[in-house]
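Notes follow the structure.
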Ligand code: AMP
């Protein structure tokens, strides 16, 4: 695996014969890699000639400075994991290199940056779009892989790609979970063993309610019940829960036949903010 640290080096590598007529799969990450990230890498390795992973802890997408400061960095381990998956290139640029003379990328979020995650993390999605657009410009992949774990992010990246006319296939990948059901996340590293058990309750409660759901249920009432059950657990505090359309993300106020639905939520587990979602269909 080639490790590239500057945009300039990446560009000269890109202009060399190595990339000629090869399909390129790209996975942007913030490092502290786990099996969720690795599932994206495996998919890219299967579907492309060259797989490129970036590791960049993107300051602009953190609305909470302490979250940024405490974000885990595990570079040696990341390298080992990626080598074991036959990743071709690991791109680890610096802040200065990425943001030098780059103001960001303007897009019409169509309101998606202000709801759900956006309501509680002001500026977060603008930061995400800034970095992903910049990386797309540098890497110029054919396909880019994103986890459904960050469901709203995925919808916004699809919108940004479409609006800017980029010829990049955005590939959604399913959520990878621990055996307990807890969605894998780099932030789980900040949970003690006891808190991990608590955090696993989130998915267990989601499963319980989603499997008992009927078309006649009121989405608002179910949301209240799920929130109550989560908040009853020590150290868990719900920030939002929403039933939404998986394409438009608009909230669902009434269930109907043949409806595809995503139930998305954010929950604080002591000082760690966790997000998760689950797909439903009537
Ligand atoms: P991050 O490093 O958190 O920015 O995540 C990089 C990519 O990995 C994003 O597209 C995430 O949605 C994806 N990802 C993170 N956790 C998981 C997971 N548990 N399952 C699937 N994809 C994930």
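Modelled spin labels at residue 247 and residue 208, positioned 7 Å past Cα toward Cβ, are 3.5 nm from each other.
For the chain, the longest principal axis of the Cα atoms and the long axis of helix 151-163 meet at an angle of about 50 degrees. Protection proxy ranking of 214-222, 112-120, by the mean of other Cβ atoms within 10 Å over each peptide's residues and highest first, is 112-120, 214-222.
Measuring how big segment 2-173 is from its alpha-carbon positions, Rg and Dmax come out at 15.4, 46 Å. How many angstrom lie between the Cα centre of segment 78-139 and the Cα centre of segment 1-52? A separation of 15 Å, based on Cα centres.
What 222 nm value per residue comes from the helices of the chain, counting each DSSP H run with n ≥ 4 as -39,500 (n - 2.57) and dividing by all residues, nearest 500 deg cm²/dmol?
-11500 deg cm²/dmol
Over segment 168-243, what portion of Cα pair distances is larger than 13 Å, expressed as a whole percent? Taking all Cα-Cα pairs of segment 168-243, the fraction more than 13 Å apart is 72 percent. For the Cα atoms of the chain, what angle does the longest principal axis make with the long axis of helix 35-47, in degrees from 0 to 90, nearest 10? Once rounded, the angle reads 50 degrees. Relative to the dominant Cα principal axis of the chain, helix 193-212 is inclined by about 60°.
Across segment 131-219, Cα pairs under 8 Å and at least six residues apart give a relative contact order of 23 percent.
Sorted largest first, the principal axis extents computed over the alpha-carbon atoms of segment 223-263 equal 36, 17, 12 Å.
Centre-to-centre, using Cα atoms only, segment 147-192 and segment 216-236 are separated by 24 Å.
Determine, for each peptide in 143-153, 93-103, the mean count of other beta carbons within 10 angstrom over its residues, then list the peptides with the highest first.
Values: 143-153: 21.5, 93-103: 12.6.
Most protected by this proxy first, the peptides run 143-153, 93-103.
Gyration tensor analysis over the Cα atoms of segment 37-126 returns equivalent ellipsoid semi-axes of 28, 17, 15 Å (largest first, whole Å).
For the chain, give me the percentage of DSSP beta bridges that are antiparallel, rounded to the nearest 5 percent. Antiparallel bridges make up about 50 percent of those DSSP assigns within the chain. Label reach from residue 3 (point 7 Å along Cα→C-beta): in segment 20-51, amide nitrogens under 17 Å belong to 29-34.
Subtracting the Cα-Cα distance of residue 166 and residue 73 from 0.36 nm times their residue separation leaves 30.4 nm of extension gain.
By the beta-carbon count within 10 Å of each Cβ, the least crowded to most crowded order of 29, 238, 51, fewest first, is 238, 29, 51.
Each reported figure results from applying straightforward, stated rules to the coordinates on display, with no laboratory input. As the structure is a prediction and not an experimental result, all values here were calculated from the model. Cβ atoms come from the backbone with ideal geometry, glycine included; neighbour counts cover every protein chain shown.
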